[in-house]
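Read through the structure below, which is laid out as structure tokens, and then see the notes.
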Amino acid sequence: MTTDRAPVVTAEVRQVALPFIKPFVTGFGVTASRQTVLIHLTDADGNEGWGEGPALDHPFYLPDTTATTFGIAADVALPLALEAGDLSPASVAASMGVIRGNTFARSGVEGAFWALQAAAEGRSLQELMGGSGESVPVGESLGIAATVDETLEEVALRLSEGYGRIKLKIRPGWDVEPVRAVREAFGPDVMLQVDANAAYTLADVDTLRRLDDYDLACIEQPLQWDALLEHAQLQRHLATPVCLDETLRSFEDVRRALDIDACRNVNLKPGRVGGLTASLRIAELCRERGIALWCGGMMESGIGRAGNLALCSAAGFTDPADMSPASVLFEWDLVDPTFEVEPDGTIAVPVAPGLGFAVRADRVEAQTIRRSVVLGPAV
């Protein structure tokens, strides 16, 4: 056990509201509100660690919700983490390994310990994770619009802002037509992919095969969230790589999917797989297998995005990340200054010690819906 680390003296979990600019429409419906779960730690030397468990408010993406994430983080995950021997992220992740599922709660807690260790050692998250490079390439994910013309207008706007990849949300009845229109309007050089959010079944294979004509980087999560074998069957009928999202909720899930060729492209979200430690293992696996890998987004605040940006600078990530700045999603961020997309389609990786962004504690306080102070052996 390491004894030279300052003990944690405060540990709390907060459920916080984030004000959307406009609702986000996907294959599983309309997301009109957004709350998220924050974990905040301080140690005896005054170092802070912030983490975010960005489950959605509803259970239509995965079983985890904001409410369940708050409860598991406060009642189970954070108390277990505080009992970890040296409070390193790896030890914290191991201590929470007895929890089945509830990946967003585990990820948020672990993220706070990553940021706390980085702050205590005067290092950036990128350095702590072994990443490199000053910036990471990013793409933009576009919700389902009312008309194809509106979609074309937004694609034009995002390309003008420098995004290196465009992802279109699709669902039955809104798939081939918008994809064809975008490809015809913007040409073959635009990196284009689609995300079905589990809206299709194997009965739709003919429709999905029509998308092979448009040179897509991937079709993300076309079938149900737990349909691993069915995705392997679908991939055999498609030239376009299948990308899995909801189906991959752990390192072992990714390994199984690659073993049976259920996907040839991986969307990695730290919250979905249980944290940054698991994410780094998955990145190494994809690098070894030669699989396209990119970091997806859960509409996190800048607190969650900080860890994602550092993660994307690690070896193994091949494609632009989903990393919309707060200015696209929210009226304002919980960090200030927040990040923006540069004209070359990249976002700078934070290099400041700790989280890398300055958290606006006043905004966090003003938007807090509920709060739980967690007691552990070191608190």
Within the range 325-344, restricting to residues that are surrounded by 21 or more Cβ atoms within 10 Å (Cβ to Cβ) and in contact (Cβ under 8 Å) with a residue 60 or more places away in the chain, the one that is farthest from Glu161 (Cα to Cα) is Leu334
If you scan the range 266-291, which residues turn out to be touching a Lys or Arg at 6+ places or on another chain (Cβ under 9 Å) and outside any helix (DSSP H, G or I)? Gly274, Gly275, Ile291
Those residues that are out of contact with any strand residue (DSSP E or B) (no Cβ under 6 Å at 6 or more places or on another chain), surrounded by fewer than 19 Cβ atoms within 10 Å (Cβ to Cβ) and at pLDDT 95 or above, I need them from the range 41-58; list them, please. Asp45, Gly46
Starting from the range 192-219, take each residue that is under 23 Å from Tyr61 (Cβ atoms) and list its partners that are modelled with pLDDT under 95 and assigned to a loop (DSSP other than H, G, I, E, B), counting only C-beta distances under 6 angstrom and pairs at least six apart or across chains. Ala196/Gly27; Asn197/Gly27; Asn197/Phe28; Ala199/Gly27
Residues within the range 298-320 that are touching a strand residue (DSSP E or B) at 6+ places or on another chain (Cβ under 7 Å), more than 19 Å from Phe104 (Cα to Cα) and of a type outside the set (Phe, Trp, Tyr), tallied: 5
Residue satisfying condition, being within 25 Å of Ala112 (Cα to Cα), surrounded by fewer than 20 Cβ atoms within 10 Å (Cβ to Cβ) and basic (Lys, Arg), within set Arg249, Arg281: Arg281
Of the conditions (1) at pLDDT below 95; (2) hydroxyl-bearing (Ser, Thr, Tyr); (3) outside any loop (DSSP other than H, G, I, E, B), Thr3 clears all except one; give me its number. (3)
Matching residues in the range 145-168 - criterion: being assigned to a helix (DSSP H, G or I), β-branched (Val, Ile, Thr) and either more than 21 Å from Phe339 (Cα to Cα) or in the same structural domain as Lys22 (by TED's automatic domain parsing) (or both): Val148, Thr151
Of the residues in the range 117-144, those that are assigned to a loop (DSSP other than H, G, I, E, B) and either among the acidic types (Asp, Glu) or without any contact (Cβ under 8 Å) to a residue 60 or more places away in the chain (or both) come to Glu134
Condition (residue is at pLDDT 95 or above, in a helix (DSSP H, G or I) and closer than 17 Å to Cys243 by Cβ) applied to the range 176-187: is it met by at least one residue? yes
Unique residue being under 21 Å from Leu142 (Cβ atoms) and in contact (Cβ under 8 Å) with a residue 12 or more places away in the chain when the list is Ala292, Ala278, Ala310, Ala283: Ala292
Conditions (1) in a loop (DSSP other than H, G, I, E, B); (2) under 20 Å from Pro63 (Cα atoms); (3) at pLDDT 95 or above; (4) not aromatic (Phe, Trp, Tyr) -> Cys263 fails only (2)
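The values are calculated or read from the model by the stated rules, or taken from the named source; none is laboratory data. Since this is a predicted model, take the numbers as computed values, not measurements. Cβ sites come from the backbone with ideal geometry, for glycine too, and all protein chains shown count toward neighbours.
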